Amino acid sequence: MRVLNLLMYGAVCALLLLSTGGAAHAHRAAPIDEGLALHLVNRLGYGPAPGEVARVRGIGVRAHVDSQLAPPPMPPRLQAQLRELAEARSPAGEQALLRAIASPRQLEEVLVAFWLDYLLLTDDGARAALRPLVLGRYATLRAAIDAVPRQGPLAGGGEAAAREALVRHFVSAPSAALQRAVARVWKANGGDQRAVLRMLLTSREFLAPRQWNSKRKDGFRFVVSAVRASGVAVENVAPLAQWIREGMTEEKRADFIERLAGGQLALAMAPVRPHQHASSAPPLRATAVGKGAQGTVAQPGPVLMAAPTPSAAAMAAAAGSQPAEPGRLRELLRREDFLRY
């Protein structure tokens, strides 16, 4: 009898062990479709860096959405770069460009850009006021923006219009049913953007294949997504800002792709500051100084020395990252579907 009891006890333990293991296995996220993973990375951010689609495939939809709704701290190196840009009084938008390329808080950057565009705000003060609030309550965000000094009335309309615009930003031609569902979540949670976005970004309509690549990239998004796809660690965003300002025609886009893949943009070189790398050689030509100073020649001043442009491979090696192979990068960036997200 004792032997029988021991056998029965062992069988029960084995069954419990198997059932526990089976339950644990059932809770693991099954890998998602590659197209869906790419859609998530494209729409919640500015496109994948090398290896990012595989990572999102492994963790699944909800885990990726939640990771962007509770984003990690900014990397110390990126924080230092942003401080350097601020201290150097770099042109407006360069900090936003660097954040879009290098920040792990991709959804945050997408939301900042959305609200700036929706409210027709362009100054850095509005950008700084928005960033810590885009995942909070809408009323708090709107009050902070109302307090930013500006000329003229604020664009955008009322709360309902803002909510509907947010849905359209993430979902092409959203259905009336989705708009109503978002409105219910918005009202139930007092305009809490995390709750609203969690519902929206995990909805069947947002995840449906017809949404994949249904939007076309503007110049900013194309440049940022191309640089992210290259895997190059960016130290100097000034060359990229210049390309964006000049506009991205088809001819310029082809030229940009060649220069990026060929490592000709000097992105991994720290930008030269006025106090750096100066020689005592005189300028190449005299310059008139001041109004009505004809015939007056400027005193010889420092000349900034041009440094050679490293290849993409050399830049990535110096930064410790793995760049995309140039041929494959060209092929990817030339594809028609890369122009969409």
Review point. Amide H to amide H, which residues 5 or more places from residue 60 or on other chains are under 5 Å from it, using H placed in the peptide plane?
Key: 32
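Net charge around residue 194, counting only other residues with Cβ within less than 12 Å of its Cβ (Lys, Arg = +1; Asp, Glu = -1)?
-1
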**Study point:** Derived scalar couplings ³J(HN,Hα) [segment 126-140; Karplus, 6.51 cos²θ - 1.76 cosθ + 1.60; whole Hz; x for Gly, Pro]
**Key:** 5, 4, 5, 5, 6, 3, x, 10, 5, 10, x, 8, 4, 4, 5
Point to revise | Long-range amide H partners of residue 192 with built H, under 5 Å | key: 138
Practice item. Return the aspartates and glutamates within reach of residue 215: Cα separation strictly under 14 angstrom, same-chain partners fewer than 8 residues apart disregarded; answer none if there are no such residues. Key: 336, 337
Check your understanding: Which whole-Hz ³J(HN,Hα) couplings does segment 235-241 yield from phi under the Karplus relation 6.51 cos²θ - 1.76 cosθ + 1.60, θ = phi - 60°, glycine and proline marked x?
Key -> 9, 10, 8, 4, x, 5, 4
Study note, to complete from the structure: Listed by chain and number, the residues whose amide H is under 5 Å from that of residue 340, excluding neighbours fewer than 5 places away on the same chain and using placed H, are 217
Point to revise | Hz values of 3J(HN,Hα) by residue in segment 86-99 - Karplus curve (6.51, -1.76, 1.60), Gly and Pro given as x | key: 5, 5, 7, 6, 5, x, 4, x, 5, 5, 4, 5, 5, 4
**Study point:** Net +/- balance of residues flanking residue 230 in space, Cβ distance below 12 Å, scoring K and R +1, D and E -1
**Key:** +3
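Every number here is computed from the coordinates shown, using simple stated rules; none is lab data. What you are looking at is a predicted structure, and each value in this text was computed from that prediction instead of being measured. Cβ: placed from backbone, ideal geometry, glycine included. Neighbour counts: every protein chain shown.
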